[in-house]
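The values are calculated or read from the model by the stated rules, or taken from the named source; none is laboratory data. None of the values given here were measured: they were computed from a predicted structure. Cβ sites come from the backbone with ideal geometry, for glycine too, and all protein chains shown count toward neighbours.
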Amino acid sequence: MNALRNVAALVEKEWRHYFGSPIAYVALTIWTLLFGAFYVLVFNRFLLVSMRSAQQMEFGGAPKLSLNEWVISGVLHNMAVVALFITPMLTMRLFAEEKRQGTLELLATAPITGLQIILGKFLGALSLFALMIAAGLLNFLLLWRYATVPPEWKPVATGALALLLVGACFIAVGLFVSTLTRNQIVAGAATFGLLLGLWILGWMDDPSAGPITRVFAYLGLLTHLEELMKGVLDLKDVVFYLSFVVFGLFLAHQSVESQRWRA
Amino acid sequence: MIEVENLTKRYGRHTAVDGISFRVNKGEILGFLGPNGAGKTTTMRILTCYLPATEGTARVAGFDVFEQPLEVKRRVGYIPETPPLYPDMDVETFLDFCAKIKGVPAGERKARIDEAAGKTRVGDVRKTLIGRLSKGYRQRVGLAQAILANPDVLIMDEPTAGLDPKQIIETRELIKGLGGDHTIILSTHILPEVSMTCGRVVIINRGKVVAEDTPDNLMHRLKGAATLRVEVRGDAGAAESALRGVPGVLAVRPPGPAGGGAFEVEAAAGADVRAEVARAVVAKGLDLVGLTQAGMSLEEIFLHLTTTEPVHGDVPPPAEEVTA
């Protein structure tokens, strides 16, 4: 009960920092603008292609295109890459700023545990990211309103979940990196570099590659999105993301504790 | 209330705190004195469970800082050297957050915040962003944060640093008022602060306790040979011989540039020769215009204890004799 209250107090505090500074507004603006832009671009392309296929239909041609597959999954995929750029902005100050300001001393001498501090900060950033996803999803409501064959909701839900999970991984990485320095810019840049590396790992995904390459490719954060985006809720992928998050938070916790011992 | 035994903290090869021991009784205000880098902050950080000690134990209210940190943290209010504040929060929001993480029940929160803000006189800036506050207000918000949960123990690391004289006096009054209800450790290198607020003093230097006593006793014990400053108008030679003639006088130094126009008369420890000195001077037909007992001020004691070389050639006892 106490633990829950402490974590909630920390989440609230992080939100105050986000919305008391330009960070939340900048992140939300960039995110929703890009979400909208990708949505328009992908949707126009979808119209073009489906018009062409409709013409081919006269010759008994291609099957009907799916909004889910073409529009929603496409946009969400792009937004996963955008998240890679934006989440470092949300995580860079989490610990670095507390260390610089000396407020880590306030948290560390309050009757709360290190784990509660980590969780509060993680959930604070993740909930803001969830708000960003929710704001972006509003775009898709138009499809339900105007499409003759509305999209299925399930792939949208698993797609949004996939985005949330991959964002959680990004945030866990960023949280860990932020514990390593007292400089926000360094934390942000290092997080971004690390995330980019983890993304590129996925490019090695090739069934014909050797086992070691396959292991590295497996760690590629974006490779596990495919099935979820299609609407297939595979436990394997969810477990992958969750264990990645737990590992990131574990590293962050160890980092904070070990600095206490070495300080 | 606080028991520190043989506490040692090493940073790599550097030993910041070297086997210090002391106790603080309930309701007592203990002055923790030492030059910069003596290990004051490190000791306080260990007591507040911020840093683990390398060796030794510390117990607060019966709880070991290493074994039961949460129990200790619940009972300790701490003000680090620079008050830990969020500049982007207003005072009330900040105190509300602190109350939450300190486990103040929701029903009492508002009353506790009101009380802490009232005691530290930050009521008039409750809605102001902390980043816009002056140094004095920030210090007081830091203090408000520390007393918020009504802790048994208050640990303050130089709480008056950076305040103006009026604020310093107010803060000292506040700290004095908090003694009794709270057990307080107060670190400082401002000595009058200690003699004004603290019941007992622990002086540390290079990580070691060099003296522990009440401020009065410290001054008393260190006095050793009492020194009188005697101002005489008239023939200096006659005055000097008159002073030397007084029984109990060990040495007389004629007024030099350092003496400020007064004779320095050293008498045997414990002997009060003021009346005899006055009579001897007047008997010679000279005018006695000033007679003061120059006790060692806390400053001198402090310098004496924390400097390896004697500051004045005439301060006799080495530090070891004092702590004995």
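Summary of values
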| quantity | calculated |
| --- | --- |
| Residues satisfying the stated conditions in the range B:105-140, i.e. out of contact with any Phe, Trp or Tyr (no Cβ under 7 Å at 6 or more places or on another chain) and among the aliphatic types (A, V, I, L, M) | B:ALA106, B:ALA111, B:ILE113, B:ALA116, B:ALA117, B:LEU129, B:LEU133 |
| Test: residue in the range B:23-39 that is under 13 Å from B:LYS208 (Cβ atoms), at pLDDT 90 or above and not small (Gly, Ala, Ser) | no |
| A:LEU126 touching a helix residue (DSSP H, G or I) at 6+ places or on another chain (Cβ under 6 Å) and within 14 Å of chain B (Cβ to nearest Cβ) | no |
| Residues that are in a helix (DSSP H, G or I) and either more than 14 Å from chain B (Cβ to nearest Cβ) or farther than 23 Å from A:VAL26 by Cβ (or both), drawn from the range A:106-123 | A:LEU106, A:LEU107, A:ALA108, A:GLY114, A:LEU115, A:GLN116, A:ILE117, A:ILE118, A:LEU119, A:PHE122, A:LEU123 |
| Cross-chain or 6+ apart pairs with Cβ under 8 Å, the range A:1-12 first and more than 8 Å from every other protein chain (Cβ to nearest Cβ), then among the aliphatic types (A, V, I, L, M) | A:VAL7/A:LEU119; A:VAL7/A:LEU123; A:VAL11/A:LEU123 |
| Those residues of the range B:62-78 which are facing chain A (nearest Cβ under 10 Å), touching a strand residue (DSSP E or B) at 6+ places or on another chain (Cβ under 6 Å) and crowded, with 24+ Cβ neighbours inside 10 Å, in sequence order | B:VAL72, B:VAL76, B:GLY77, B:TYR78 |
| Residue satisfying all of: in the range A:77-105; in a loop (DSSP other than H, G, I, E, B) and within 11 Å of chain B (Cβ to nearest Cβ); surrounded by the most Cβ atoms within 10 Å (Cβ to Cβ) among these | A:THR103 |
| Residues satisfying the stated conditions in the range B:153-203, i.e. in a strand (DSSP E or B) and of a type in the set (A, V, I, L, M) | B:VAL153, B:LEU154, B:ILE155, B:MET156, B:ILE184, B:ILE185, B:LEU186, B:VAL201, B:VAL202, B:ILE203 |
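Here's the yes/no breakdown for (1) touching a residue at least 12 places away in the same chain (Cβ under 8 Å); (2) surrounded by 19 or more Cβ atoms within 10 Å (Cβ to Cβ); (3) of a type in the set (A, V, I, L, M, F, W, C):
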site	(1), (2), (3)
B:LYS135	yes, no, no
B:VAL141	yes, yes, yes
B:ASN150	yes, no, no
B:VAL153	yes, yes, yes
B:THR160	yes, yes, no
B:GLU173	no, no, no
B:GLY180	yes, no, no
B:THR183	yes, yes, no
B:THR188	yes, yes, no
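One line per residue, one yes/no per condition, for (1) in contact with a strand residue (DSSP E or B) (Cβ under 6 Å, 6 or more places away or on another chain); (2) touching a residue at least 24 places away in the same chain (Cβ under 8 Å):
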position	(1), (2)
B:ARG10	no, yes
B:ARG13	no, no
B:ARG23	yes, no
B:CYS49	no, yes
B:VAL60	yes, yes
